[in-house]
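*Asks:* Have a look at this one before I ask anything.
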Amino acid sequence: MKKIIILNGPNLNLLGEREKSQYGSSTLADIENNCENFAKKNDVKLSFFQSNIEGELVNQIQDSRNKQNGLIINAGGYTHSSVAIHDALKIIKIPIIELHISNIYNREEFRHKSLISKVAQGVICGFGVDGYLMALEAMRKILK
Ligand code: CA2
């Protein structure tokens, strides 16, 4: 059974509480439930991790290198600034998909740059929380 980890960065623990016009009304728990349903149907073992702390995300990425077959990451605001997360992702040798709920390219200029994209196999953004399921389906195909 393939193992996939879904990492979420800062503030994504507050999904569904505010900025619903940008990020929708689903909570992170709703997203995890939808992903678990996908996992059950597709014989995938999922893990989830969310942190507001850059170093904790780096630790989790490092831990994933020998334990997971694929990694999906919404690094939140760290997408645009974190050399440490970029470096950690570059070191691991498993496929990586970058994910964003919103379309970062039709928002503020500072969101147009991603340090994650350089080390990701592919990027899904702008499809709302459905993007998590799209990323899982893409990862399932990569790992086939
Ligand atoms: O669109 C995305 O998924 C983002 O990664 C979300 C990040 C943002 O900094 C990126 O540019 C794009 C921010 C997540 C903030 O989440 C909130 C949740 C509830 C209320 C307010 C913000």
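The values are calculated or read from the model by the stated rules, or taken from the named source; none is laboratory data. Predicted model only: the values in this text are computed from it and were never measured. No Cβ is skipped: glycine too gets one built from the backbone with ideal geometry, and neighbour counts run over all protein chains shown.
*Asks:* Can you pull out every residue in region 91-112 that is more than 10 Å from the ligand (Cβ to nearest atom) and assigned to a loop (DSSP other than H, G, I, E, B)?
*Replies:* Ile92, Lys93, Ile94, Pro95
*Asks:* Ok, one more. If I ask for residues that are among the β-branched types (Val, Ile, Thr) and assigned to a helix (DSSP H, G or I), which ones from region 118-144 would you list?
*Replies:* Within region 118-144, Val119, Ile142 qualify.
*Asks:* Let me ask something else about it. Check off (1) under 21 Å from Pro95 (Cβ atoms); (2) touching a strand residue (DSSP E or B) at 6+ places or on another chain (Cβ under 7 Å); (3) assigned to a helix (DSSP H, G or I) for Asn13 and give me the number that stays unchecked.
*Replies:* (1)
*Asks:* Follow-up. What number of residues within region 1-23 satisfy the criterion of being within 9 Å of the ligand (Cβ to nearest atom) and surrounded by 15 or more Cβ atoms within 10 Å (Cβ to Cβ)?
*Replies:* Qualifying residue count for the region: 9.
*Asks:* Sticking with this one: Can you name the number of the only condition in (1) more than 16 Å from the ligand (Cβ to nearest atom); (2) out of contact with any Phe, Trp or Tyr (no Cβ under 8 Å at 6 or more places or on another chain); (3) closer than 24 Å to Ala29 by Cβ that Glu137 fails?
*Replies:* Here Glu137 clears every test but (2).
*Asks:* Could we say that Lys67 is of a type outside the set (Phe, Trp, Tyr), more than 23 Å from Leu15 (Cβ to Cβ), in contact (Cβ under 8 Å) with a residue 40 or more places away in the chain and exposed (fewer than 15 other Cβ atoms within 10 Å of the Cβ) here? If you could, list the steps in order and put the result at the bottom.
*Replies:* Details: of a type outside the set (Phe, Trp, Tyr): yes; more than 23 Å from Leu15 (Cβ to Cβ): yes; in contact (Cβ under 8 Å) with a residue 40 or more places away in the chain: yes; exposed (fewer than 15 other Cβ atoms within 10 Å of the Cβ): yes.
Against the criterion (of a type outside the set (Phe, Trp, Tyr), more than 23 Å from Leu15 (Cβ to Cβ), in contact (Cβ under 8 Å) with a residue 40 or more places away in the chain and exposed (fewer than 15 other Cβ atoms within 10 Å of the Cβ)), Lys67 qualifies.
*Asks:* Within region 24-34, is there a residue that is at pLDDT 95 or above and either in contact with a Lys or Arg (Cβ under 9 Å, 6 or more places away or on another chain) or away from the ligand (no atom under 16 Å from the Cβ) (or both)?
*Replies:* Yes, region 24-34 contains at least one residue that is at pLDDT 95 or above and either in contact with a Lys or Arg (Cβ under 9 Å, 6 or more places away or on another chain) or away from the ligand (no atom under 16 Å from the Cβ) (or both).
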